[in-house]
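To start, I am sharing the structure in question, which I have written as structure tokens.
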Amino acid sequence: MNRELIAIVDSGGGRNQLLARRVREMGVFCRLFPGGISLKELEQLRPKGVIVTGHQEKRQAERFLQLGVPLLDFNLSVNTPEGLDAVRRFLFERCGAKGDWDMASFAAMLTESLKEKLSGKRALCALSGGVDSAVCAILAHKACGEGLTCLFVDHGLLRKGEAQQVMRVFREQRGMNVIKVDAADRFLEKLKGVADPEQKRKVIGAEFIRVFEEEAKKIGEVDFLVQGTIYPDVLESGLGAPAVKSHHNVGGLPSVIRFKEIIEPLRELFKDEVRKVGLELGLPESIVMRQPFPGPGLGVRVIGEVTREKLDVLREADFIFRDEIAKSGLSDKIWQYFAILSSERTVGVRDGGRAYGYTVALRAVSSTDGMSANWVKIPYEVLERASDRITAEIECVNRVVYDITKKPPATIEWE
Ligand code: XMP
């Protein structure tokens, strides 16, 4: 295994991850370290070179001179050709890096280091069906096998066929120990009469933690809690920017589970890197390449109060839209696409008589990180087929609209 390491020491400034990403793209493994890392700690890692970034790079760099390896205080933007060139020269000319590191070796290295920690121990992993927790669970399973328990809470707000797919891939195909908790009724009960988007998010998040806590209690104390936190999550929670929406993910879980240590094997990775690790580990594309899906699920795509009937309508409409996108070969070209069930009913005509039915909105956006987005100019024929099918196959829907708003000022999800 290639252990050629470049250490990036971050002394503030927020440029470090992008730099790390560029270094890895050049085939050289690097890791990020906080500005406070001691000379001794760094020495033990035997890096081929050290890059110091941020506001205090000069002072920091001097501290590491004694390491005797190439040291570059780096302050250029890695989005410019000059910046990239400077990184390249540092890696290959000054440090003599080979540039033969890739995701396959990274996946192998992650697995090996997890094995050292988890082998023979008990671990718990929350499985949501999303990419991050899926990759995390597979890694943990490779490392501790039978010792790993995965908890999958089906809150009834998932897309059509999603829960079945999770169980098929992880329990049936991989033989993993997955406990599926059918909690749809509980969530629906809690959501009764709740129409405000933030309130809905809070209710779903709180109930999720409650269900998880009950199940975790049955499992008892574990040695490790394995979490699929990835770098953007770390960034988001650390920025302290005012929240537009209260995001729900598994971040609130540690306080309700009895464990000795938390492990976040993906915390240094970007989403596309997590996907590559997933593919290296043999996860199917249907899981690894899936589009982002919000933690509160269809709960924030049924506008207003969530009911079982509305969820069923939305699930079907969403399935038809996704099916038409897939048939037109656009699936891997669109960042995120889904249906929304608006709270408005409008008048239509069905079988020669008056109909008063639901309005479904379709949304498809391009984005790189979800922070900003543009709507996708889907061919009219695809929209037409989706609309025709939705209104033909779901009797209570008599109107379909397409959302042509950018983020900002809109957000990607409607709630
Ligand atoms: P918005 O609607 O804020 O969404 O423009 C940006 C991206 O985040 C996803 N999203 C969520 N993801 N938990 C998540 O893990 C959430 O609560 C949540 N809310 C929105 C959304 O689907 C889009 O990709």
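Please state, as a whole number in µm²/s, the translational diffusion coefficient that the Stokes-Einstein equation yields for region 19-148 at 4 °C and 1.567 mPa s, with Rh defined as the Kirkwood radius across alpha carbon pairs.
Rounded, D is 76 µm²/s.
Against the 2.2 N^0.38 Å scaling, with N counting residues, where does region 26-85 land? I'd like the Cα-based Rg ratio to two decimal places.
Ratio of Cα Rg to 2.2 N^0.38 Å: 1.14.
Moving on. Under a 1.4 Å probe, what is the accessible area of region 36-118 per residue, stated in Å²?
Per-residue accessible area for region 36-118 comes out at 57 Å².
Follow-up question, since we're still on this one. What residue among Gly353, Gly54, Gly68 shows peak mean-square fluctuation when the chain is described by a Gaussian network model with Cα springs under 10 Å?
For the chain, modelled as a Gaussian network with Cα springs under 10 Å, the answer is Gly353.
Per the helix-only calculation at 222 nm, which mean residue ellipticity applies to the chain, given -39500 (n - 2.57) for every DSSP H run of n ≥ 4 and division by its residues, nearest 500 deg cm²/dmol?
-11500 deg cm²/dmol, from helical runs alone.
For helix 131-144, what angle does its Cα long axis make with the longest principal axis of the chain, in degrees from 0 to 90 and rounded to 10?
The angle comes out near 60 degrees.
Among the listed pairs Lys160/Lys217; Lys217/Lys310; Lys202/Lys260; Lys160/Lys202; Lys180/Lys260; Lys190/Lys310, which are separated by more than 22 Å between their Cα atoms?
The pairs that break the limit, which is 22 Å between Cα atoms, are Lys160/Lys217; Lys217/Lys310; Lys202/Lys260; Lys160/Lys202; Lys180/Lys260.
Could you please state, rounded to a whole Å, how far the C-alpha centre of region 79-96 is from the C-alpha centre of region 185-202?
About 52 Å separates the Cα centre of region 79-96 from the one of region 185-202.
Show the residues, 5+ positions off or on another chain, whose built amide H is closer than 5 Å to the amide H of Asn398.
Those qualifying (amide H under 5 Å, at least 5 residues apart or on another chain) are Gly357, Tyr358.
Choose one answer from Glu305, Glu146, Glu62: the residue with the largest mean-square fluctuation in a GNM of the chain with alpha-carbon springs under 10 Å.
Residue with maximal mean-square fluctuation among Glu305, Glu146, Glu62: Glu62.
Another question, then. Can you tell me the 0 to 90 degree angle between the C-alpha axis of helix 308-327 and the longest principal axis of the chain, rounded to 10?
Helix 308-327 sits roughly 60 degrees off the main axis of the chain.
Only residues of region 140-161 count here: report those whose backbone N is under 17 Å from the spot 7 Å along Cα→Cβ of Glu214, or say none.
In region 140-161, the label zone of Glu214 (backbone N under 17 Å from the point 7 Å along Cα→Cβ) covers 151-157.
Please report the carbon-and-sulfur percent of the accessible area for region 103-288; probe 1.4 Å, protein heavy atoms only, DNA, RNA and ligands left out.
Ligands and nucleic acids excluded, carbon and sulfur give 50 percent.
Right, here's the next one. What Rg and what Dmax come out for region 301-402 when only alpha-carbon atoms are used, in angstroms?
When restricted to Cα atoms, region 301-402 yields Rg and Dmax of 14.0, 47 Å.
Let me ask something else about it. Springs between alpha-carbon pairs under 10 angstrom, Gaussian network model over the chain: which of Gly299, Gly352, Gly130 fluctuates most?
Gly352
Return the aspartates and glutamates within reach of Lys117: Cα separation strictly under 16 angstrom, same-chain partners fewer than 8 residues apart disregarded; answer none if there are no such residues.
Glu146, Asp223, Glu261, Glu264
In addition: Which of the aspartates and glutamates could a cross-linker span from Lys48 if the Cα-Cα distance has to be under 20 Å and same-chain partners fewer than 8 positions apart are dropped?
Result set, ordered by chain and number: Glu4, Asp10, Glu25, Glu57, Glu62, Asp73, Asp85, Glu93, Asp100, Asp102, Glu268.
Can you tell me the orientation of helix 271-280 relative to the chain, as the angle in degrees between its alpha-carbon axis and the longest Cα principal axis, to the nearest 10?
So the inclination is approximately 90 degrees.
I'd like to know how the chain sits against the 2.2 N^0.38 Å rule of thumb: what's its Cα Rg over that expected value?
1.10
The values are calculated or read from the model by the stated rules, or taken from the named source; none is laboratory data. The shown structure was predicted, so the numbers you read here are calculated from the model rather than taken from an experiment. As a convention, Cβ positions derive from the backbone with ideal geometry for all residues, glycine included, and neighbour counts pool all protein chains shown. Just so you know, the surface numbers come from the protein's heavy atoms only, side chains and all, with ligands and any DNA or RNA stripped out. Shrake-Rupley method; radii C 1.70, N 1.55, O 1.52, S 1.80 Å.
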